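Data first, discussion second: the structure below is written as structure tokens.
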Amino acid sequence: MAEVSLRKVVKHYDSTPAVRGIDLEIADKEFIVLVGPSGCGKSTTLRMIAGLEDISAGEIAIGGQVVNDVPPKDRDIAMVFQNYALYPHMSVAENMSFALRLKNVPKAEIAARVDKAASILEITDLLARKPKQLSGGQRQRVAMGRAIVRDPKVFLFDEPLSNLDAKLRVQMRTEIKRVHQKVRTTTVYVTHDQVEAMTLADRVVVMNAGIIEQVGTPIEVYHQPATKFVAGFIGSPAMNFIPVSLEASGDGLRVRLTRELAFEVPTERAARYRDFVGREKLLLGLRPENIADQRGALSAGQRVFQIGIDVAEPMGMDTLVHFTANGAEVCGRVSAHASVRAGESCTLAADMAHMHLINDLSGRVL
Amino acid sequence: MTQTTLTDFRAAPPAGSTRRDRRRALYWSYFFLVVFVVFFLTPPIYMLITSLKTSQEISAASSPWWVFDPTLRNYTELLTSSVFLTFMRNSAVISLAVVIVTMLISIPAAFALSRMRFWGSATLATGVFLTYLIPDTLLFIPLYKIFAWLNEVTGIEFLNQWWLMIIIYPTLTVPFCTWIMIGYFASIPKELDEAALIDGAGYFQTLTRIFIPVALPGIIAATIFAFTVAWAQFLYPMAFTTSTDQLVLPVGIVTTLIKGDVFNWGQIMTGALLGAAPPLIIYAFLMDYYIAGLTAGATKG
């Protein structure tokens, strides 16, 4: 049980920077997910916490103690690898107890701790088997068991679910969450899958190109993204970005998409955006679920418009519609019962209460 | 093969054609197998037949492929001769010692070269392999000079001592075994030693508790290689040892059983067969283990 602090952490391989200055405070018992596209430095960050990579500059502290020069075995951490990294010649029980045996923990205690971890993960009847005889999901559990048995200060997960098939991945995701609720330990979890990040995390850390774009709860990064990158990365289908210009209209403001199409900005937002009237390179950010068909009465933020649909994709629960606005591909999410057909015009409602205005030059959300 | 597949796809072949292809392929493989078996087994069978003959029968102009008057005298004479038993013992002690020395050097060396990245480790690994490419025929004269010089400096008698082979043979076995082991260790995923590192194992524990068990098939292959090289070595003992009690089996047979131009063929064949037996038995014995190891101990967790 411990908090983890990263202060101005930098990592470069030869001259290529992988991590370019990261500050992050992870609270005790918190579940932190580092998420980002491949090559964003998230795995490198995790490996620096683990001690598998040297830190080029900056400081990492676990439980208040700076661990820059502490070898991995003395950091009291446990790590779950993407390919599980189970010792192939050892049984499940031996795999789980390896660390304890190295520390010469008494045999009775080892057995008790292995049994306890095995029962948490429901792998008690697999203890005598070799990794070869296990399925992917079972191996994943054993890898987690190996971490739990040690009762470390910090759990580190490096893309633990990416080797599993889609169905099992969802199942194990729930399992990881369940285990964390039982075994409350500070956890740092790396993934490129934003759904995993959203569902598991207490706080999500969105990384891109070696820096942190935003830290926040899943709801925060979803509804109040700090940058265009976060806005586009979190959420599926991704947020729409439509080039717009901002213009004054009486007391209020208006975003203009095309000559014919403009939306009133809700009054509570207008004050925030007033300075940007007439600025170049503005983007309107709107999630697909905020572009819907008109169901019942309009809410305060909804603006109705007519548009020709390019493609309609029925998903069962709802239907995704694609259309073009001001040169941008836009995706909307309409109810499954709405009659939309490709090539036909359709009435949609954009919920401007959930709009984002983005400076495309700086990438900041205004 | 691509050709057949292509035609198979274009025109649907008549039923049974795959079976016919398969049968034809089998016929050919059996044909070549038989050719190889005949080619490789004829010499040992000839040796076995000759070893069961008396000297009279060997020199008589009867068929070389049949024993009319079988006898075990060659065997009993050799196995009761103290000289032959000395050769056997020298060979056995040297080979076992060489295997142990080789493994003690090449396993840690391979681990260091494949896993501990240090300055020049890649060059060193290539260098190890290049050493193996230097033929022993080039090395024995310089080595002889070195040990003659060491003798002058230290006063220790190195030459004409059977145990000198334990020092010399590893120059042949260590580079190759190290190379085999580097390959095996390289196939062990990096995460495995990282997991061990995090679990609290040092380098030595990672080697003994993870790498050696996981790479056991490779270690056995290297052991077999080292043993075979040591057991069959002819040139070095020929050059470095001369006294009868210091000789190893291959050299001993040639020097003691050929007297001038008199070849004691019966005993030569018997000695060669007895000499070939230990590696054969070891192969037969370890091959099962080797294959079992290959299938059960696969590296991916």
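The figures follow:
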| item | result |
| --- | --- |
| Matching residues in the stretch B:170-198 - criterion: being within 10 Å of chain A (Cβ to nearest Cβ), in contact with a Pro (Cβ under 9 Å, 6 or more places away or on another chain) and not β-branched (V, I, T) | B:L192, B:E194, B:L197 |
| Flag for A:L298 being touching a residue at least 40 places away in the same chain (Cβ under 8 Å), of a type in the set (A, V, I, L, M), part of a loop (DSSP other than H, G, I, E, B) and not assigned by TED's automatic domain parsing to the domain that holds A:H192 | yes |
| Qualifying position, being in contact with a Gly (Cβ under 6 Å, 6 or more places away or on another chain), more than 14 Å from every other protein chain (Cβ to nearest Cβ) and either more than 30 Å from A:P131 (Cβ to Cβ) or not hydroxyl-bearing (S, T, Y) (or both), among A:V10, A:V33, A:V66 | A:V10 |
| Flag for A:E25 being in a strand (DSSP E or B) and either within 30 Å of A:S135 (Cβ to Cβ) or away from chain B (no Cβ under 14 Å) (or both) | yes |
| Lone qualifier among B:T86, B:T42 - being of a type in the set (V, I, T) and in the same structural domain as B:T171 (by TED's automatic domain parsing) | B:T86 |
| Among (1) surrounded by 14 or more Cβ atoms within 10 Å (Cβ to Cβ); (2) small (G, A, S); (3) in contact with a Gly (Cβ under 9 Å, 6 or more places away or on another chain), the one test that A:G343 misses | (1) |
| Unmet requirement for A:V105, which otherwise passes all of (1) crowded, with 21+ Cβ neighbours inside 10 Å; (2) β-branched (V, I, T); (3) free of Cβ contacts under 8 Å to residues at least 24 places away in the same chain | (1) |
| Enumeration of residues in the stretch A:90-102 that are buried (at least 18 other Cβ atoms within 10 Å of the Cβ) and facing another protein chain (nearest Cβ under 7 Å) | A:F98, A:A99 |
| Any chance A:V255 is touching a Ser or Thr at 6+ places or on another chain (Cβ under 8 Å) and among the β-branched types (V, I, T) | yes |
| Within the stretch A:117-139, tally of residues that are away from chain B (no Cβ under 14 Å) and hydroxyl-bearing (S, T, Y) | 2 |
| Test: residue in the stretch A:158-165 that is more than 14 Å from chain B (Cβ to nearest Cβ) and part of a helix (DSSP H, G or I) | no |
| Condition check for A:L46: closer than 30 Å to A:G136 by Cα and not in a loop (DSSP other than H, G, I, E, B) | yes |
| Which listed residue, of B:A276, B:A272, B:A292, is modelled with pLDDT under 85 and either outside the structural domain of B:P43 (by TED's automatic domain parsing) or among the acidic types (D, E) (or both) | B:A292 |
| Complete set of residues in the stretch B:243-275 that are in contact with a Ser or Thr (Cβ under 9 Å, 6 or more places away or on another chain) and outside any helix (DSSP H, G or I) | B:L247, B:V248, B:N264 |
| Any hit, the stretch A:69-89, residues being among the hydrophobic types (A, V, I, L, M, F, W, C), crowded, with 20+ Cβ neighbours inside 10 Å, out of contact with any strand residue (DSSP E or B) (no Cβ under 6 Å at 6 or more places or on another chain) and within 14 Å of another protein chain (Cβ to nearest Cβ) | yes |
| Looking only at the stretch B:179-210, and only at residues there that are in a helix (DSSP H, G or I) and among the acidic types (D, E), the one that is surrounded by the most Cβ atoms within 10 Å (Cβ to Cβ) | B:D193 |
| Positions within the stretch A:239-284 being among the aliphatic types (A, V, I, L, M) and in contact (Cβ under 8 Å) with a residue 40 or more places away in the chain, in sequence order | A:M239, A:I242, A:V244, A:L246, A:V255, A:L257, A:L261, A:V265, A:L282, A:L283, A:L284 |
| Checking A:I110 against (1) assigned to a loop (DSSP other than H, G, I, E, B); (2) away from chain B (no Cβ under 11 Å); (3) not polar (S, T, N, Q), the condition it does not meet | (1) |
| Number of positions in the stretch B:269-279 that are over 16 Å from B:I45 (Cβ atoms) and buried (at least 18 other Cβ atoms within 10 Å of the Cβ) | 2 |
| Matching entry among B:A125, B:A109 (being surrounded by 15 or more Cβ atoms within 10 Å (Cβ to Cβ), modelled with pLDDT under 90, assigned by TED's automatic domain parsing to the domain that holds B:A226 and of a type in the set (G, A, S)) | B:A125 |
| Criterion violated by A:E59 - all others in (1) assigned to a loop (DSSP other than H, G, I, E, B); (2) under 29 Å from the mean Cα position of the chain (by Cα); (3) surrounded by fewer than 23 Cβ atoms within 10 Å (Cβ to Cβ); (4) away from chain B (no Cβ under 14 Å) satisfied | (1) |
| Hits in the stretch B:186-227 - residues which are under 25 Å from A:N104 (Cα atoms) and of a type in the set (K, R) | B:R209 |
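Condition check ((1) under 30 Å from B:T256 (Cβ atoms); (2) surrounded by fewer than 11 Cβ atoms within 10 Å (Cβ to Cβ); (3) in the same structural domain as B:F263 (by TED's automatic domain parsing); (4) modelled with pLDDT under 85) across all residues:
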{"residue": "B:A11", "(1), (2), (3), (4)": "no, yes, no, yes"}
{"residue": "B:A15", "(1), (2), (3), (4)": "no, yes, no, yes"}
{"residue": "B:L26", "(1), (2), (3), (4)": "no, yes, no, no"}
{"residue": "B:E57", "(1), (2), (3), (4)": "yes, no, no, yes"}
{"residue": "B:A61", "(1), (2), (3), (4)": "yes, yes, no, yes"}
{"residue": "B:W66", "(1), (2), (3), (4)": "yes, yes, no, yes"}
{"residue": "B:S82", "(1), (2), (3), (4)": "yes, yes, yes, no"}
{"residue": "B:L96", "(1), (2), (3), (4)": "yes, no, yes, no"}
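The values are calculated or read from the model by the stated rules, or taken from the named source; none is laboratory data. What you are looking at is a predicted structure, and each value in this text was computed from that prediction instead of being measured. Every residue, glycine as well, gets a Cβ built from its backbone with ideal geometry; the counts of neighbours run over all protein chains shown.
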